[in-house]
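Presented below is the structure to which this report refers.
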Amino acid sequence: MVINALTEVLFWSDISKIINNAKKLGEKYFPDNPEMYFSEKDKFIKQEIPTKEEFLHRLEYYEKNGSPKWVGGRNDSCDDLSFNDLKKSITESASLKQGEVLSKRHSLIYSKRPGFWKFYTDNIFIGKENTILELTIGAGLGTSVLMQRMSDKDLYMGVDIDFICAKQADALAKYHKVNGLGIATSLWNLPFDDGIFSVVCSDNGLDECREIPTILKEATRVLKSNGKVVLICRDKENSWYPEFRKYGFSNEDAEYWLSKVRLYAGSEQIESLASKYGLRLVSKREEKSYYGTILVFEKQ
């Protein structure tokens with residue numbers, strides 16, 4: 001089941017409605033027929049939000065009332081599993097075999113753009129002993145590429161609001177035999193002391209999150225002085241702009257409202273926000289594709 005950050009914002013006043021619809025569609029289409037899943041989901045949203053005025057009303061409501069809470073659809077999808085099924089899924093996700101399957105799948109992706117991923121990891125492994133915090137593990141693509149380069153002196157910690165995604169990081173750590181752990185926790189109130197990580201990174205994770213300013217503030221808090229934040233950010237066309245255009249918004253209007261409701265609005269917004277929290281942009285690499293831009297910041 002897939003519910004994205006913009007959908008959560010739009011249905012904040014009645015989140016159960018979109019969750020229940022996603023569950024219903026998920027049982028029918030996902031993951032075997034994702035095209036039909038997303039097509040039916042879009043029809044449902046258009047039915048519930050038929051006009052630009054209603055779209056604006058929901059954005060305004062979230063701007064005033066929204067707050068960072070665990071309402072992610074992937075977490076809620078677990079409540080229709082039996083306890084034994086949930087235990088089984090957790091065990092399998094954290095197994096050595098699962099780590100092998102994930103790593104081999106990811107290697108096919110890395111091989112298509114080796115320079116891009118080398119730039120990403122070169123900026124993460126900056127010392128002899130690296131303490132790495134990865135935000136929003138997701139499918140574990142960024143996790144795999146990190147663990148392939150880790151030495152026995154490095155420490156990895158991965159966080160996600162999705163428990164199953166966190167367990168995938170555990171599985172990859174077992175497979176690559178690294179000192180690493182994935183945990184499910186809040187991204188907006190990280191359970192770590194100030195200044196303990198040398199690098200905070202994320203591979204296309206922020207565009208799936210709500211409350212981006214809070215997440216960046218927390219990332220800066222747990223980072224050591226002169227530590228780095230390394231982020232892969234999708235470009236505008238692979239973010240939320242197309243969804244706004246469906247309702248007649250210009251790109252300028254979309255950027256204004258994305259900022260208002262504290263969502264990801266392209267790498268330019270990330271650069272601007274990061275500077276407010278004492279992060280200085282030191283390097284970047286753009287790729288006109290799904291992978292977007294790598295932004296490298298240093299904590300001042």
Please list 104-116, 247-259 highest first by mean number of surrounding beta-carbon atoms within 10 Å per residue.
-> 247-259, 104-116
Dividing the mean separation of Cα pairs under 8 Å (6+ apart) by the residue count of the chain yields a relative contact order in percent of 16 percent
What residues have an amide H closer than 5 Å to that of N33, excluding those fewer than 5 places away on the same chain, when H is modeled at 1.01 Å from N in the peptide plane?
-> none
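I'd like the per residue volume of the convex hull spanned by the Cα atoms of region 151-212, given in cubic angstrom.
99 Å³
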Translational D (Stokes-Einstein, µm²/s) of region 232-277 at 10 °C and 1.306 mPa s when Rh comes from the Kirkwood sum over C-alpha pairs?
-> 147 µm²/s
Could you sort 41-53, 139-151 so that the peptide with the highest average Cβ count within 10 Å comes first and the rest follow in order?
-> 139-151, 41-53
L281 to E60: extension gain in nm, 0.36 nm per residue of separation minus the Cα-Cα distance?
-> 76.4 nm
Counting only Cα, what are the radius of gyration and maximum Cα-Cα distance Dmax of region 96-299, in Å?
-> 16.4, 53
Integer Hz, Karplus 6.51/-1.76/1.60 couplings in order for region 233-247, x for Gly and Pro | 10, 5, 7, 4, 5, 9, 10, 9, 4, x, 5, 5, 4, 4, 9
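Mind checking the full-extension length gain between F44 and S95? Use 0.36 nm per residue of separation minus the Cα-Cα distance, one decimal, nm.
Between F44 and S95, full extension yields 14.6 nm more.
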Taking R0 as 25 Å, what's the FRET efficiency between I109 and K177 from their Cβ-Cβ distance, rounded to 0.05?
-> 0.70
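Under the Kirkwood approximation applied to all pairs of distinct alpha-carbon atoms, what is the hydrodynamic radius of region 166-267 in Å? Please list the in-between numbers first.
Details: mean 1/r = 0.0646 Å⁻¹.
Computed over region 166-267, the radius equals 15.5 Å.
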Any idea what log10 I(q)/I(0) is at q = 0.18, 0.20, 0.28, 0.29 Å⁻¹ for region 1-59, Debye with uniform C-alpha scatterers and no solvent?
-> -0.59, -0.72, -1.21, -1.26
Residues meeting the amide H criterion for S283 (H placed from the backbone, H to H distance under 5 Å, 5 or more places apart or on another chain) are V296
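No lab work stands behind these numbers, since they all come straight from the coordinates. Note that the coordinates shown come from a computational prediction; the quantities given were computed from them, not determined experimentally. Cβ coordinates were reconstructed from backbone atoms using ideal geometry, including for glycine residues, and neighbour counts include every protein chain displayed.
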